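Structure first, commentary second.
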Amino acid sequence: MSVTRVILPKLGLTMDEGRIVAWHKREGDAVAAGDVLFEVETDKATMEVESPTAGTLRRILYPADATAPVATVIALITETADEPIPADPVAAQPPKPSLPAAAQPVTGPGSRGGRGPSEAEPPIGSSDGDRVRSSPAARRRAQELGVDISRVSGTGPGGRVTLEDVDAAATSKSSPVAAPSGERREPLSRMRKAIGERMTKSVREQPQFSISRDVDMTAANEKRKVARASYTDAIVAAAAKTLRDHPRLRARIEDGHLVTSDAANVGLAIALEDGLLVAVLRDADRKSLTDLAVERQRLEEHARAGKLAEHELTGSVLTVSNLGTMGVDRFTAIVNPPEAAILAVGRVADRVVVKDGEPAVRPMATLTLSVDHRVADGATAARYLSAVAERLERGDL
């Protein structure tokens, strides 16, 4: 007998649970390894997940619209259509599933790679004899809001308490039945909650400082026009290529250690209707300005369609956030953990500056670099920002 337990993978550092958006196969359907099996919604995007093996999809344990913690068995696949399956597949779940037994996220055309699932936390209740079925995220939320999770009615599969259940309990506990006149009360979206949690973590755990530099964008403007690229593409190119010689800005703090990445993967903050997310331009230092422009456009389209893959959301070492397109002259951004720095970009506008002792009008932009002080000091950050500015002013993109 060969039964493969399909496990909800951990698609990102902050993912504790995911909502099954849709199944692409029905019970009894034949599946091949690599077939898209289901779609899952995380706090960042909706991702397609592949089947880890070939066989027959015998049982779906979490239907569409259900929420499950990471590393939970959500379906069973057997080699043949008639072999027996466990009577209690959840109880039979191995404590540390290996990668071949887990569903794998689609990470690109032809890719079969993916991050292995993490071990699920056991349910926590008021006592060993009175356990509450809930996700780790729901338990954390209950602690934050001061809600007794043992008194919350679960609406998830099998009566599992979800994040929405905890939020609803907190709202009913602390709010009047009717909202005051002229006000409207609505629950935070999954994305807004995730943004709030990440930014709170960043400010609380990462001591940050910021430095700014005005940049003459004349040469960069000429270069980007030839490549049919945007100012954002030009700044991403300069930031990525400069990272080669500044390893400290490619580093992060992890478990008390300084971890430095060899790759210059640059995150790009993309504004969505209900928030923002950071899509990742991988190996941005090796791409031409034209290629960066094409890749950036593709990522923006995928982000707005909610179809970014795992590799398009993870692995960045520095983020570029450009609000200049919205008329902002300068601003200070919060570091996106676990990265060490974020580059905030103001609008490119004509200003009167002094050139060779004479007044001249030049297209200028203000760049503001925010840095995790645990990773780098002011002098290190200043050298990096100056190098980025000089590269832009030379048009070396």
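The values are calculated or read from the model by the stated rules, or taken from the named source; none is laboratory data. Model, not experiment: these values are computed from the prediction. Positions of Cβ are backbone-derived with ideal geometry, glycine not excepted, and every protein chain shown enters the neighbour counts.
Among the residues of region 343-371, those that are of a type in the set (Val, Ile, Thr) and free of Cβ contacts under 8 Å to residues at least 60 places away in the same chain comprise VAL352, VAL354, VAL361.
Within region 248-261, residues that are modelled with pLDDT of 90 or more sit with their Cβ atoms under 6 Å from residues that are in a helix (DSSP H, G or I), at 6+ positions apart or across chains, in these pairs: ARG248/THR380; LEU249/LEU243; LEU249/TYR384; ARG250/LEU243; THR260/PRO247; THR260/ARG250; SER261/ARG250. Within the span defined as region 301-311, every residue fails to be under 25 Å from GLN208 (Cα atoms), surrounded by 19 or more Cβ atoms within 10 Å (Cβ to Cβ) and not assigned by TED's automatic domain parsing to the domain that holds THR46.
Take the residues in region 20-53 that are part of a loop (DSSP other than H, G, I, E, B) and of a type in the set (Ser, Thr, Tyr); name whichever of them is nearest to ILE74 (Cα to Cα). Ranking the candidates gives SER51 first. Only one entry of LEU272, LEU292 meets the criterion of being surrounded by 23 or more Cβ atoms within 10 Å (Cβ to Cβ) and among the aliphatic types (A, V, I, L, M), and that entry is LEU292.
Of all the criteria given as (1) crowded, with 21+ Cβ neighbours inside 10 Å; (2) modelled with pLDDT under 80, the one not satisfied by PRO9 is (2). Scan region 44-67 for residues that are under 18 Å from the mean Cα position of the chain (by Cα) and not basic (Lys, Arg) and the total you get is 5.
PRO63 meets each of the listed conditions (1) modelled with pLDDT of 85 or more; (2) assigned to a loop (DSSP other than H, G, I, E, B); (3) surrounded by 18 or more Cβ atoms within 10 Å (Cβ to Cβ) apart from (3). The residues on offer are ALA92, ALA32, ALA87, ALA103, and the sole one that is more than 19 Å from LYS307 (Cα to Cα) and either crowded, with 16+ Cβ neighbours inside 10 Å or at pLDDT 90 or above (or both) is ALA32. Of the residues THR56, THR42, the single one that is modelled with pLDDT under 90 and not assigned by TED's automatic domain parsing to the domain that holds ARG252 is THR42. The set of residues from region 142-159 being under 29 Å from the mean Cα position of the chain (by Cα), within 24 Å of TYR62 (Cα to Cα) and modelled with pLDDT of 75 or more comprises ALA142, ILE149, GLY154, THR155.
Could you go through region 368-387 and let me know if any residue there is buried (at least 22 other Cβ atoms within 10 Å of the Cβ), closer than 14 Å to VAL266 by Cβ and in contact with a strand residue (DSSP E or B) (Cβ under 9 Å, 6 or more places away or on another chain). Yes, there is a match, as at least one residue in region 368-387 is buried (at least 22 other Cβ atoms within 10 Å of the Cβ), closer than 14 Å to VAL266 by Cβ and in contact with a strand residue (DSSP E or B) (Cβ under 9 Å, 6 or more places away or on another chain). Go through region 337-347 and give me each residue that's crowded, with 21+ Cβ neighbours inside 10 Å and either within 19 Å of the chain's Cα centre (by Cα) or aliphatic (A, V, I, L, M) (or both). Selection gives GLU339, ALA340, ALA341, ILE342, LEU343, ALA344, VAL345.
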